[in-house]
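Data first, discussion second: the structure below is written as structure tokens.
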Amino acid sequence: FFPATTKVATGHAFARSVLAQRYSGKIDDTAPTLEARIRSRLSLPARHGDVNDEREILAERITDCFAAFSYDAKTAIAAIDDGEALVHARALWSEIHAARAVHPNDHDLYVKLLFVLQAEHGHPQLGFDAILYDECQDCTGSMFGTVRGQRRTQQIYMGDPAQGIYAFRGATNAFLFLDDLAYYSLTTSFRFGQHIAALAERILDATGSHLPIRVLPRRTDRVVTTHEQCPDPSV
């Protein structure tokens, strides 16, 4: 249990709150979506039209530029081989940066905007005594950069690199960049007993070294391999 002074939020809710309070960021339905901005710039209809229209393909390439930019820890859209898409992406980002207005559905974009503004202002303190970052094996470079920038704030990162599931969308394993912090392992689970723990360790052994799994005493469980062994399952 945490005291009443603790603020609990997702990374996106955290970014939205700080943007509004510190940088007068506008995150509401009146702001055009990134897709709308791209389609307007290319003089495309609001909805996807002719798939053979080269502008439709260009719109997808611009979207890809923004996806990569949103996930990384850079403050500017990096040069890429696709020069045509890059020109449009940089122009659109300049508009968004100047207006500080993002549609609420463009989640990664407002997280990116916060990171860029924080970096440009020298990462001013956000008023927290400590930040506990959970599931940090699946953070984006932008969100990780915002938290790491709080150098005068105690930082605690929690997660399991083996449970990273968002690498396909640009997630960063924060543990690769935390060599300056002390490491502590949480090896006791309250979710199951010794039978499931033993089976889990056999599976983990096949993937390499791991720490022994400890379980709470008197936690009952069992492992079954056929439906007949458990005709009325309750999990």
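The values are calculated or read from the model by the stated rules, or taken from the named source; none is laboratory data. The structure displayed is predicted, hence computed values, not measured ones. When we count neighbours, we look across all protein chains shown, and the Cβ atoms used for this are built from the backbone with ideal geometry, even at glycine. Protein only, heavy atoms only, side chains kept; ligands, DNA and RNA dropped before computing areas. Shrake-Rupley method; radii C 1.70, N 1.55, O 1.52, S 1.80 Å.
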Practice task
State the Cα centre-to-centre distance between region 155-172 and region 43-66 in whole Å.
Solution key: 31 Å
Practice task
For the chain, take the alpha-carbon Rg, divide it by the Kirkwood Rh, and send me Rg/Rh.
Solution key: 1.08
Handout entry: Cβ-based net charge around Leu92, under 10 Å, with every Lys or Arg adding one and every Asp or Glu removing one
Key = +2
Problem - Cβ-Cβ FRET estimate between Phe175 and Ala20, R0 fixed at 22 Å, reported to 0.05 - result: 0.10
Practice task
Calculate how large, on average over all directions, the projected area of the Cα convex hull of region 132-232 is; give the answer in nm² to one decimal.
Solution key: 9.2 nm²
Problem - Given 12 as the ceiling on other Cβ atoms within 10 Å, longest exposed-site-free region of the chain for trypsin sites (Lys or Arg not before Pro) in DSSP loops - result: 48-150
Completion exercise
Scalar couplings 3J(HN,Hα) for region 29-41 by Karplus 6.51 cos²θ - 1.76 cosθ + 1.60 (θ = phi - 60°), nearest whole Hz, x for Gly and Pro, are 5, 6, 7, x, 5, 4, 4, 5, 4, 5, 5, 5, 5
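If you take every residue apart from Ile80 with its C-beta less than 15 Å away from the C-beta of Ile80, what net charge results, scoring Lys and Arg +1 and Asp and Glu -1?
Net charge around Ile80: -3.
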Exercise for the section: Give the accessible surface of region 135-235 per residue, rounded to a whole number of Å², with probe radius 1.4 Å and ligands, DNA and RNA excluded. Expected result: 75 Å²
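Excluding Gly11 itself, calculate the net charge of residues whose Cβ lies under 15 Å from the Cβ of Gly11, where each Lys or Arg counts +1 and each Asp or Glu counts -1. List each step's numbers first, then the result.
Numbers: positive: Lys7, Arg16, Lys112, Arg148, Arg169; negative: Asp106, Asp108, Asp134, Glu135, Asp138.
So the environment of Gly11 carries a net charge of 0.
So if each residue of separation counts as 0.36 nm, and I subtract the Cα-Cα distance between Thr10 and Ala78, what length gain in nm does that give? If you can, show how the numbers build up before the last one.
On the way: separation 68, 0.36 × 68 = 24.48 nm, distance 2.75 nm.
Extra length available between Thr10 and Ala78 comes to 21.7 nm.
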